[in-house]
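A quick write-up on the structure given underneath.
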Amino acid sequence: MEQEFTHLDCRNYAPVDVAKGICHVKKEIVLADGESCESFEKLPKCKFCKNYAPGEGEYIGTCEASKTRPMTYPDLIGVTCDFFAWQEN
Amino acid sequence: MSKRLSQVLQESGISLGFQAGGSAPEEVADREVKREPCPRANKLRDLYYQALSSATNEFPYWYTRQYMELDNEVPAVRRALSLKCAFSHLTPVILPGELIAMGKAHYYRGSFPMPWLSEGYYMAKEDELYKAALAKGSASADEVSKFGSGGGNVTGNFGNVISIAGKFGIRREEMPALLKVARAWVGKSVDDLGHKYEQMVPGYEIKEAIMKSVVCMFDSGYTLPQGREVINYYYLLQYGFDGLIEMAKQKKDQVAGRPDGDGIVGMNRLYNYEAAIHILEGIQIWILNYAKEARRLEAMEKDPIQKREYQDIAQCLEWISRHSPRTFREATQLCWTIHIAVLNEDAISGLSPGRLGQVLWPWFEQDIEAGRTSEEEVIELLECLRVKFTCIDCFASMGVVGGVLSGNTFNNLSLGGLTQDGTSACNRLEELIIEAATNCVTTQPTLSVLFDDRLPEPFLLKAVECVKTGTGYPAFVNNRVAIEFLMNQYGEEGMKLDEARAIAIGGCLETSPCSWMPLSLEGKEYLIPGGSGQPTSVGVHFISLPKILELVLFDGVDQRTGQRVFPAHGQTLETYEELFGQVKAYFARAVEVLALTNNIQHDIWRKNSVPIFNSLLKPDCLENGHLINELGYRYNATYNVETCGTANLINSLAALKRIVYHNKEQTLDELKEALKVNFGFKEAAEVGSFSLADQEKKEGVDEYDRLHFLCLTAPKYGNDDPFVDRILKEWEDWFCGMCHDYESLNAKPYYACQISVSTHAPMGAATIATPDGRLSGTTFADASMSAYPGTDRNGPYALFTSATCWDHCKSQNSQMNMKIHPSAIRGITGSRKLLELTRSYMRRGGFHIQYNIVDSRVLREAQRNPDQYRDLVVRVAGFTQYWVEIGKPIQDEVIARTEYEGV
């Protein structure tokens, strides 16, 4: 089944706060948890990174790119992370 | 139905109308001056109105990840590398329409916790970490503090948002990682380590009892260890990032392996310069990440105007990431970037830009002269800057952010004052700053005029016009008094008159040492002012004076909790002198133990969490190679003792002196009994109002009415009554002097600081009825020189006479708030009246005055219908805040303040 994405997962979404943001494409305020649209572009996040390994519970994992395998979490944004690499699927 | 106090008094022929100098007009009056910002700033401000205070785990995550990997690195370098890692991983977000880019975090009102300082307070109340914070007293103030329920405050969970610390929202999916990061700091944070060592202070148990009883509001060492100071933008404005990095590299070569006669910390200089290079590089990367984001947006943008604006942002950021600015816009952007970089380095409130109009003057002057910009463009940029400053949020506990700060962050911009050679320092850019603040009413930065008779009348009238918008800013600060205080406090560190003239206000009202820095731009030389002192308001924060009196009356036992705070004094208190002596004794004991424990907390902070970026900005750290922890700053005598509830203490002492000791109308025991049962009234929390007039009587309890009447009608401060003013003078002379007896961790004397901020609400909530007739749980009088609401009956000049019965130069500050009905100062005649009123207070030696120009009925209406008043601002005590973001106890207090109908 195809994964469903929200605005929070979109590169075109500029967060204003924890609940809403501005879509850079449509120039309007959208809800963070709203369903993504046709302009969706995936935002680099740990959960989309091939170095991410799930860990204890839904919201904790590890970063396999680092020798120390530090804790990380799926929704950590990775646009500035040198280790980020897209998962192949 | 229960009777309110106002009704009870009315039946006795006493008015509690809170109006003076006439009556308010029948029709509700709006403010006379109302302006609009430019469309761009208006849009950005509207977005602010919609934005929630939002927290993120990004910075703490990357900081902690790096820090834990650097075991055994030299502390300053370890910290610098961790900060570098955090800065360089922040997600850049730029919103359409912004001219000035960058923010603390990727949310508009973004902030984040710093668990390396303290990790327990933002846990759920069921969590064992929060319980531990309560047990040691560090979370007690949280329990009596309240946030406003509106505006951007996230006071409850909704959807996928979790409310933390009662104000900030965080995404549900980030919360488990945030908690995991926090737990990594258990036993390692400044709070935890400081607590381990502070317990070694003899008499520590008194400190813990003091905190649990909210005799003292908070420890500054792990909550807000910096701030209440003036930033210094100079070095980066003059040399740029590349220049400073190069300078640090050269210095490293000069000091490597050389103690140069200092066997204790001389060798540290190498590590400090190394740390400086790391942090500067980290901030460069952070800026460039924003530049890259601007380029990305530029590439995808279809609208040519917006496309061009993204391009301009990118070019500006790319340049300032390496070089000193060439234009007014670049200089403004760089100052903003430096400002938030310092705020991200540590938990800070009250980081003041200082005399920004004088700092930016060289670029303004040259750009205007060359036609590179216009005054309209400058105003637009300044209005956008106001919105950016207003977006700053400070993440701290409920007790600190709610109880002390009312959600404010105190970025105070100073105007006017004198030049190094003693002439007026105000300039055209400062007038435009006032213009922008009049047009674009926001809470930050607040403004303070450094008042001197040498400032030109048109400039002062422009400031008055801004006050008439109802913003509460600018406040007026006595430049002469401030300079005298600086000379006294910092004389031993070399402060001379010409340097004292660089003074600016740090935080809401903290007189801060500054210096003149020689700046060269396009071959022209300037002197620009900037901060050169450590945080000027850290140490003993705040001591509740009415609570000290309560403890004296009840032999050291807190009547709210039933817990013993001080050892029993065993005095019979048969004379007034004995009573006053015991007040001083308990107060001194509190200061002693709090100074010692705070010294330890701040010492742990400076050892393990030393600010590197802020240090290298301040003279003379770059030159001498020492950071704040090695007293690299030019001025280090900056610790203070803050108090709250001065008017209630003085009024209570006056009532006791008159009723019990002079007239012997009631015995002390009878009065104590009445205080314990709150004069037969319900508790304020039960009534749901924290204003005296609204308090309700318990039915059928009348035996304390006469005594309560005597207390309420006893002489009160603020009426030019020598009986009361002598008490105030004795208190002030003693208090300002005794602070010097305590030694800060920098081996310098403490000094007195007298501002309430918002502490008069939670501290009032934790204090039973007082002998001045104030009832249990109600808010104290605001500030330190304001009268208790409704008790200043003889007009403003009588209040000024009372307030200036002591020498304000002995204290870092004093604070006077006055509420004036808009109709009292209408037109140019009204403006001149307000200016004359201000001048009168300054000439008498008053340190500070600020005005709320508002009809109290508007505030009552706003309390009933907050949704219709999102943009209403009021002056609280040293700061302006959105009405809807203020807790009810402070709202009630602002409504209750005496409203002057004529000046």
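Every read-out reported here was derived from the displayed coordinates using simple, explicitly stated rules and does not represent laboratory data. Predicted, not measured: the structure shown is a model, and the values here were computed from it. Heads up, the Cβs are rebuilt from the backbone with ideal geometry, glycines too, and the neighbour counts pull from every protein chain shown.
Of note:
- Under 5 Å from the amide H of residue A:72 lie the amide H atoms of A:61, A:62, A:63, each residue being 5 or more positions distant or on a separate chain, with H modelled from the backbone and absent for Pro and chain starts.
- Extended-chain gain in nm, criterion 0.36 nm per residue less alpha-carbon gap, residue B:574 and residue B:698: 41.5 nm
- Of B:307/B:462; B:252/B:618; B:251/B:618; B:468/B:524, those spanning more than 28 Å from alpha-carbon to alpha-carbon: B:307/B:462; B:468/B:524
- Peptide packing: for B:405-412, B:644-651, the average count of neighbouring Cβ atoms within 10 Å per residue gives the ranking B:644-651, B:405-412, highest mean first.
- For chain B, averaging the sequence separation of C-alpha pairs within contact (under 8 Å, six or more residues apart) and dividing by the residue count gives a relative contact order of 18 percent.
- For the pair residue B:840 and residue B:239, label points projected 7 Å from Cα toward Cβ lie 5.1 nm apart.
- Set B:84/B:136; A:26/B:302; B:3/B:547; A:26/A:50; A:42/B:43 screened for pairs whose C-alpha atoms are more than 22 Å apart: B:84/B:136; B:3/B:547; A:26/A:50; A:42/B:43
- Pairs from the list B:729/B:810; B:207/B:810; B:131/B:196; B:207/B:682; A:67/B:196; B:584/B:888 with a Cα-Cα gap above 23 Å: B:207/B:810; B:207/B:682; A:67/B:196; B:584/B:888.
- Compared with the dominant Cα axis of chain B, that is its longest principal axis, helix B:234-255 is turned about 70°.
- Förster radius 41 Å - calculated FRET efficiency between residue B:143 and residue B:865, Cβ distance, rounded to 0.05: 0.90
- Panel order for B:589, B:31, by other beta carbons found within 10 Å of each beta carbon, from fewest to most: B:31, B:589.
- Taking other C-beta atoms within 10 Å as the exposure proxy, B:104, B:462, B:34 rank B:34, B:462, B:104 from fewest upward.
- Ranked B:716, B:180, criterion: other C-beta atoms within 10 Å, fewest first: B:180, B:716
- The trypsin sites (Lys or Arg not before Pro) found in the range B:301-393 that occupy coil by DSSP, while having at most 11 further C-beta atoms within 10 Å, are B:302.
- Cβ-based net charge around residue B:334, under 14 Å, with every Lys or Arg adding one and every Asp or Glu removing one: +1
- Virtual spin-label span in nm between residue B:726 and residue A:67, 7 Å along Cα→Cβ: 7.7 nm
- Per-residue ³J(HN,Hα) for the range B:483-489, Karplus 6.51 cos²θ - 1.76 cosθ + 1.60, θ = phi - 60°, Hz, x for Gly and Pro: 5, 5, 4, 4, 4, 5, 7
- Less than 5 angstrom separates the built amide H of residue A:30 from those of A:21, A:22, A:23, all sequence-distant by 5 or more or on a different chain.
- Working from label points 7 Å from Cα in the Cα-to-Cβ sense, the residue B:70 to residue B:46 distance is 4.5 nm.
- Calculated mean residue ellipticity, 222 nm, chain B: -13500 deg cm²/dmol, from DSSP H runs (n ≥ 4) at -39500 (n - 2.57) each, averaged per residue and rounded to 500.
- For the peptide B:105-112, the mean number of other protein chain Cβ atoms found within 10 angstrom of a residue's Cβ is 3.
- Once the C-beta distance of residue B:661 and residue B:188 is scaled by a Förster radius of 56 Å, the resulting FRET efficiency is 0.55 to the nearest 0.05.
- Amide H within-cut-off set for residue B:876, under 5 Å, with H built and near neighbours excluded: B:881
- Summed residue charge, Cβ within 10 Å of residue A:40's Cβ, Lys/Arg positive, Asp/Glu negative: -2
- Shape of the range B:37-88, Cα gyration tensor, a/c cut at 1.5: prolate
- Relative contact order [Cα under 8 Å, 6+ residues apart], the range B:47-213, whole percent: 28 percent
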